[in-house]
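I have placed the structure first, in the form of structure tokens, so that the comments after it can refer back to it.
The values are calculated or read from the model by the stated rules, or taken from the named source; none is laboratory data. These figures come from a predicted structure and were not determined experimentally. Here the Cβ positions follow ideal geometry from the backbone for every residue, glycine too, while neighbour counts run over all protein chains shown. Accessible surface areas use protein heavy atoms only, side chains included; no ligands, DNA or RNA. Shrake-Rupley method; radii C 1.70, N 1.55, O 1.52, S 1.80 Å.
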Amino acid sequence: MEERTKIIWAYLSLKKGMYDNDYYFYEDGTILHHYDRTMTKMDIEERILPSDIADSEKEKIISKCKEECSEETVNKIKAILRYE
């Protein structure tokens with residue numbers, strides 16, 4: 001993985017109970033999606049755009065961020081996600 005600016009927050013989740021489905025948010029607005037597709041296709045990393053994330057997933061991300069983070073961090077994540 002190439003070097004990025006400082007990480008703001010990481011959303012760590014499991015999809016279907018056992019597959020990673022994590023999002024890393026960076027100060028420069030970059031979003032890194034780290035996930036497993038199948039048992040043989042694991043640890044996939046790709047930069048994504050906010051539009052690549054489903055609205056339902058954005059809601060989960062914001063909800064968890066509100067539980068774990070300061071209001072300032074929540075606002076930064078909302079801005080990156082372009083979440084209203």
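Remarks
- Candidates Lys64, Lys15, Lys41, Lys58 - the one that is more than 14 Å from the chain's Cα centre (by Cα) and among the basic types (Lys, Arg): Lys41
- Apart from one condition, Tyr19 fits all of (1) at pLDDT 95 or above; (2) open to solvent by less than 70 Å² (accessible area, probe 1.4 Å); (3) not aliphatic (A, V, I, L, M); the exception is (1).
- Filter result (without any contact (Cβ under 8 Å) to a residue 40 or more places away in the chain and either under 14 Å from Ile7 (Cβ atoms) or open to solvent by less than 30 Å² (accessible area, probe 1.4 Å) (or both)) within the stretch 28-56: Asp28, Thr30, Leu32, His33, His34, Tyr35, Asp36, Arg47, Ile48, Pro50, Ile53
- In the stretch 71-81, residue nearest to His33 (Cα to Cα) [restricted to those that are open to solvent by 60 Å² or more (accessible area, probe 1.4 Å) and of a type outside the set (A, V, I, L, M, F, W, C)]: Lys76
- Across the stretch 5-16, the qualifying residues are those that are of a type in the set (Val, Ile, Thr) and within 20 Å of Glu67 (Cβ to Cβ), and the one among them that is least open to solvent (accessible area, probe 1.4 Å) is Ile8.
- Those residues of the stretch 47-67 which are touching a helix residue (DSSP H, G or I) at 6+ places or on another chain (Cβ under 9 Å) and within 13 Å of Tyr23 (Cβ to Cβ), in sequence order: Pro50, Ile53, Lys58, Ile61, Ile62, Cys65
- Residue that is farthest from Leu81 (Cα to Cα), among those in the stretch 22-53 that are modelled with pLDDT of 95 or more and acidic (Asp, Glu): Glu45
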